[in-house]
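Bear in mind these aren't lab numbers, they're just calculated from the coordinates by the rules spelled out. All figures in this text were calculated on a predicted structure; none of them were measured in a lab. When we count neighbours, we look across all protein chains shown, and the Cβ atoms used for this are built from the backbone with ideal geometry, even at glycine.
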């Protein structure tokens, strides 16, 4: 395990050790596995979305406003996450921490809106995941994404603390870079959820 | 829940198992305490991140599980030995064939291949450990937690009884109301996450940690098989994760994925299960192919025939493995179009597999073959696997499969490929790499006895089952009345006992050799070809004192021919990772988490989950940099 910076290395700090390069590669492969996981959930949703079993249909259920706010919050958070990594590359540890905190707040805002949407469906429409196969697959697909955002938020808190404690080192920059990859991945998944679940559901 | 629902009661065999579990636990604790070995166990094994020790633990667990699964097999064969036997109740029989299948695939074959990979792959590529040693330990403990959880169902709560495929709606809450099916779901879920992590770990290890000069085209065939297997793992296991999670939601939280009511689709479980399940059988067979390739080449004293063809074949098998899943349920009625596609894709697999068989034969052609124990298993593999493969092509023909479906013909087919392929390969690998791990060979004479008992017993068990299948005997029946089937069934049962004797001889062989075999500590006892034979035996914990430069395939073989040393040059200090107790603690917490979920006890599952999160945070905030091994220490260990 080569944890030292190679002599004469000129590239970005997060790639400066062999250990970091391996961790970043491994994380990309992990994201490949995550893609398969979400693909299965999407497949289940597409197959089951018509099986409403007398419960509400997608068209009757979905709230346009809540969904739009969630999308804006999460897409913006991906942009601010990109700015965080940009600051990191410029060598500004404070900039990195501030933009990560903004990203985290946007992520928490997204979660708040999502939970509120779920509660609305459950409490006001009586649409729980036990109502129909469509709602089972809806809650599990969107909920799995939400659970990923929750875990990502907890993780990001840990990374922010480490950046504030230690500044920019080969290790902290690599960790920040990897949480950035994860965050962008969740954003990409949301784009698919937005298209496949909400847009298709409200039009068809 | 009352206590007599919590513990399984009523069957004398279960009481005997209860007693033996308690006695074995007391004996282990007593022995460890008497010999003051607790600290040794903790520092040397439980907290280790050394890939070789993790590999040994995997293999030990696999052998234990082979014993458990084998006993299940024996019980089934006793029940089926003659018509109208009264040895097992139908319920008990259902549980036994379920646990037999699940244990043999997920808790015997999987840890055995992970054990072999851990033991040999880093040594073959000239690495000091895997890419993520800590994660490697966590993978093992996740597997172990899952295996223990699954086995616990036997005495606490009741075993699953819906088959190892756990088809819905049979496995749904409505039709399997007990906790047995929950054990299945959580046992597989925990070990599956561990397998996924291992897959990522091995890919990165092979791509980034090969010795300088070892291009992909010079990489040993076993390592190639590990790379391809790991890719399948990464893309297949998430499907299992999803399938298990959705069925868990159905059973515990009232969702409607696989239920008959509420618009659910039970057949989607079957699809998801086999979209993982079919790649899974290639996950377990490809490393065995890799081991056979190494052994054939070593004991024929020849370079492996057709290196590139072997690699391309494995890649083709890996690709095809993802588009054949529906051949497990032609009778579902998807129509001739779908069945034709899956029929053709399934038959295509015979082509790359055939290429590999001919390559092994061509490697032996004009070679100077020495009939050692690993080579015997390899030689036996070829005809047995061909029998299994050819019957596989017969099963692939969709119209004919309507006759074979769910019969003993199928049972015999997959036992021929899984035992004749995977089990033979793992035992061959165990005999082959044993001296590298421990510094002495397993006794050859005993090994040959074990081989012949097992080999003959195996064929006596399963060949009659082909005929029974063609005579119409269906699988998963606990009793039959047709006396035409009795002679062949009796032969099959006798064969099973012979396999049992073979297994016991192999276990005795291991025991005897540990006690009495001469410690030769030869670096290269087999006249080997690949890098692992260039380092001392038993392999030092850091594997390579210096990382060699690789110029060709089979570097050790050609260096020996030229009278050169593979590992040479000045010693320098190098870096190694520290041990960690977090993986084993996390494994324990995952076990508690799973156990809580099995019984729906959230007061138990939630604190365990918080504990897991704390462990992960501990890991994130841990800035331990490992340690350096000094030149003096290497000199002391290697005696230079």
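The table below lists the values:
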| item | result |
| --- | --- |
| Approximate spin-label separation residue B:637-residue B:612, in nm, with each point projected 7 Å along Cα-to-Cβ | 3.4 nm |
| Alpha-carbon gyration tensor eigenvalues x 5, square-rooted, for chain B, Å | 38, 31, 25 |
| For the range B:289-408: Kirkwood Rh in Å [reciprocal of mean 1/r, alpha carbons] | 15.8 Å |
| Average Cα contact separation per residue, the range A:14-203, under 8 Å, 6 or more apart, as relative contact order % | 35 percent |
| Cα centroid separation, the range A:142-181 to the range B:216-246 (Å) | 27 Å |
| Cα gyration tensor, the range B:1-137 - rounded (a/c under 1.5), prolate or oblate | oblate |
| log₁₀ of I(q)/I(0) at q = 0.22, 0.23, 0.31 Å⁻¹ - the range B:14-53, Debye sum with one point per alpha carbon | -0.74, -0.75, -0.92 |
| Label-point separation in nm, residue A:122 to residue B:89, each point 7 Å along Cα→Cβ | 4.0 nm |
| Cα centroid separation, the range B:587-617 to the range B:424-480 (Å) | 39 Å |
| Sorted peptide list for B:606-617, B:583-594, criterion being average Cβ within 10 angstrom, highest first | B:583-594, B:606-617 |
| For the range B:52-106 versus the range B:269-321, the gap between their alpha-carbon centres in whole angstrom | 26 Å |
| Exercise: per-residue mean of other protein chain Cβ atoms within 10 Å, B:566-576 | 1 |
| The range B:302-443: relative contact order in percent, alpha carbon pairs under 8 Å with at least 6 residues between | 27 percent |
| Cα gyration tensor, the range A:4-84 - rounded (a/c under 1.5), prolate or oblate | oblate |
| Whole-number percent relative contact order across chain B, with pairs defined as alpha carbons under 8 Å at least 6 apart | 17 percent |
| For the range A:14-203, average projected area of the Cα convex hull in nm² | 10.5 nm² |
| The range B:83-167 shape via C-alpha gyration tensor axes, a/c threshold 1.5 | prolate |
| Longest to shortest principal axis, alpha-carbon extents of the protein assembly as shown, angstrom | 76, 75, 58 |
| Largest-first principal axis extents, alpha carbons of the range B:421-475, Å | 51, 20, 11 |
